[in-house]
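The next block holds one structure in the form of structure tokens; read it before the comments.
FYI, it's all coordinate maths here, none of it is from the lab. This structure is a prediction, so every number in the text was calculated from the model and none was measured. Here Cβ is always computed from backbone atoms with ideal geometry, including for glycine, and neighbour counts include all displayed protein chains.
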Amino acid sequence: MEVAIIGGGIMGVTLGYYLAQRGVSVDIYEASPVAGGLAGPMTLPDGTAIDRFYHAILSSDSHLTRLCAELGIADQLRFRETRMGFYRQGAIYSMNNVAEFLRFPLLNPLDRMRLGFTVLAAQLVRDWHQLEGVSVEDWLVRLSGRRAFDTVWRPMLMAKFDGGFEDTPATYIWSRLVRMKSTREGANQKEMAGHLIGGYITLINALVERIQAAGGRLHLSTPVREVVIENGRAVGVRLADGVRRFDALAVTMQAPIFQRLIPGAAEDYRAFLGQTEYLGIVCPVVVLDRPLTGYWTLNITDESVPFTGVIETTAYIDPQYVGGHHLVYLPKYTAPGSPWQQKTDAEIQELWLASLERMFPRFARDQVRYFLVHRERYVEPLHRLNGTDAIPGVQTPIAGLTLCTTAQIYPALTNGESVTRHAESAAELLLNGLLARRSVADDVAMATPVAPLDSVAVTR
Ligand SMILES: Cc1cc2nc3c(=O)[nH]c(=O)nc-3n(C[C@H](O)[C@H](O)[C@H](O)COP(=O)(O)OP(=O)(O)OC[C@H]3O[C@@H](n4cnc5c(N)ncnc54)[C@H](O)[C@@H]3O)c2cc1C
């Protein structure tokens, strides 16, 4: 059985790994010269490789850590106690434990308690479906109260959603509260975040090695131009140098990109895929010669700051693993077509550094070793109120074509943990489809001994 996988991000490579483990011959096609996609690496001017975007692994990421153990790279995982806080009007407020919650000066004692209660209430939700039709604002106002919503939650939601969050279900914040709480270990509820030495590419490389050892291939710098569809069945990929035929195909990129690859599919399915919405991102990394805040994450509740948060990954990555640098990512989430996506690197650099100077009096520009900007249009899938019908299925209406993409991960957040989990389930579905086709083929072979397999199009 030969399967083509389009996209060499974590999803594609993990899917390839699980299929190769089951004896499938896998060819992964990746448009870029490096694998990893959003979780891929970048090289600093001094040659140090770092994650292009900030990536933490949580100690509660059980699927991911099990996968690392299976691949023999669990000894490359490192975890550290970290801190989180809020930034507002020149001050940082640490928010790591019950005592700090209860001291949070921007709210009165009753509102603080209600804020703490919101975190607790999220852990007690047993059936997330009940939050599907409740807006994030209604849910948070009910639990935290209007004042806490306006002071803490609204500015965070405004920053994250580039303005509008009216149609967003409560599942959005619920899944975040549950994930963040899961990092807190032990009686003292310390927060743990971690990484693989070398970044996520260490995981990607280990997966690729296993795929290759099983006879599979990763084709870098090889964009797929089209999924070739004949008589309603996907039969191959069109590359720059021609068509390669496969028994089955799996597409792992975002829905609007997938839509463009299947001009031969039914128009209503293509239109359906085009409705899947995403947040984009403009995400500079500031490489410093010293720590900036010491916090892993500072949530910004101050609308004068152009970025969504301050994420200092060297709060949990020992700088020795990243060339002795201190890494601070300053993301701004945007709509894919937002004017922020069009700003030049120089404009972003000036605005961002001026904000850092205002926010942190001890910060100075001569501490900056490098400032590098990355942009992506489709980063985080958006889900609307009662919107599960809008999620595209793993089995597409096109025979032989599987879709395995982050938009299908809901209500969990999209990250290495949920993506590798999803890829494993999708591999199982794809394999079952292939086996079912093979058993149909066997039946046909027994009934019609002449030209058996070709008659059910199990061809290369
Ligand atoms: C700013 C940011 C912060 C994040 N933080 C975390 C975190 O802390 N922890 C965590 O675990 N996760 C985090 N994530 C999420 C994680 O990076 C993603 O969930 C994951 O990388 C998605 O992988 P994917 O393979 O589904 O998609 P992608 O990485 O987008 O992979 C799709 C691949 O398809 C390729 N492709 C597209 N078109 C074609 C074509 N025509 N032919 C061939 N190839 C093609 C692309 O080049 C790409 O490599 C973060 C992501 C971002 C952007």
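Just how large is the dipole of the chain about the Cα centre, in debye to the nearest 20, putting +1 at every Lys and Arg Cβ and -1 at every Asp and Glu Cβ?
So the dipole magnitude of the chain works out to roughly 720 debye.
Using just the helices of the chain, give the 222 nm mean residue ellipticity in deg cm²/dmol: DSSP H runs with n ≥ 4 each add -39,500 (n - 2.57), and the total is spread over all residues, rounded to 500.
Mean residue ellipticity, 222 nm, calculated: -10000 deg cm²/dmol.
Placing +1 on the Cβ of each Lys and Arg and -1 on the Cβ of each Asp and Glu in the chain, which of His326, Leu401, Ala234 has its Cα farthest towards the positive end of the resulting dipole?
His326
Nearest 10 degrees is fine. How inclined is helix 171-181 to the longest principal axis of the chain, computing both from alpha carbons?
70
From the square roots a ≥ b ≥ c of the eigenvalues of the alpha-carbon gyration tensor of the range 146-281, which class results: rounded (a/c under 1.5), prolate (a/b over b/c), or oblate?
Values: a/c = 3.22, a/b = 1.50, b/c = 2.14.
Note, shape of the range 146-281 comes out oblate.
Just need the relative contact order of the chain here, percent rounded to a whole number, with Cα pairs under 8 Å and 6+ apart.
Details: 878 pairs, mean separation 103.3, N = 460.
Reported as a whole number, the value is 22 percent.
What size of dipole, in debye to the nearest 20, comes out for the range 175-314 about its Cα centre when the only charges are +1 on Lys and Arg C-beta atoms and -1 on Asp and Glu C-beta atoms? Don't jump to the answer; show the numbers that get you there.
Working: 15 positive and 14 negative charges, 84 e Å.
It works out to roughly 400 debye.
Once you place label points 7 Å from the Cα toward the Cβ at Val368 and Asp138, how far apart are they in nm?
4.4
Calculate the all-directions average of the projected area of the chain's alpha-carbon convex hull, and give it in nm². List each step's numbers first, then the result.
Values: hull surface 93.5 nm².
Computing the convex hull of the Cα atoms and averaging its projections yields 23.4 nm².
Would you mind classifying the range 96-186 by shape? Square roots of the alpha carbon gyration tensor eigenvalues, ordered a ≥ b ≥ c; an a/c under 1.5 is rounded, otherwise it is prolate if a/b is larger than b/c and oblate if not.
Oblate shape, in that a/c is at least 1.5 and b/c is the bigger or equal ratio.
So in the chain, what percent of DSSP beta bridges are antiparallel if you round to the nearest 5?
70
Please give the Cα centre distance for the range 285-309 versus the range 342-407, rounded to the nearest Å.
15
Computed FRET efficiency, Cβ-Cβ of Met158 and Asp75, R0 56 Å: what is it to the nearest 0.05? Numbers along the way, then the final one.
Values: r = 42 Å, r/R0 = 0.75.
That pair, Met158 with Asp75, gives E of 0.85.
Placing +1 at every Lys and Arg Cβ and -1 at every Asp and Glu Cβ, with all other atoms neutral, what dipole size does the range 24-153 have around its Cα centre, in debye to the nearest 20? Write out the running numbers ahead of the final one.
Numbers: 13 positive and 15 negative charges, 158 e Å.
Here the range 24-153 has a charge dipole of around 760 debye.
What FRET efficiency, computed as 1/(1 + (r/R0)^6) with R0 = 45 Å and r the Cβ-Cβ distance, is obtained for Arg103 and Arg290, rounded to the nearest 0.05?
That pair, Arg103 with Arg290, gives E of 0.95.
Between Arg270 and Thr344, what's the calculated FRET efficiency when r is the beta-carbon distance and R0 is 35 Å? Round to 0.05. The partial results should precede the final answer.
Values: r = 34 Å, r/R0 = 0.96.
For R0 = 35 Å, the calculated efficiency reads 0.55.
Near Lys343, which aspartates and glutamates are there with a Cα under 15 Å away, not counting those fewer than 8 places off in the same chain?
Once the sequence-local aspartates and glutamates are set aside, what remains near Lys343 is Glu376.
Please name whichever of Gly264, Gly216, Thr414 sits farthest to the positive end of the charge dipole of the chain, dipole taken about the Cα centre and charges placed at Cβ: Lys and Arg +1, Asp and Glu -1.
The residue sitting farthest along the positive end of the dipole is Thr414.
In vacuo Debye scattering of the range 1-135, one point per C-alpha: log10 I(q)/I(0) at q = 0.10, 0.22 Å⁻¹?
Normalising to I(0) and taking log10 leaves -0.63, -1.29.
In nm, what is the difference between 0.36 nm times the number of residues separating Asn231 and Arg22 and their Cα-Cα distance?
My answer for the length gained is 72.4 nm.
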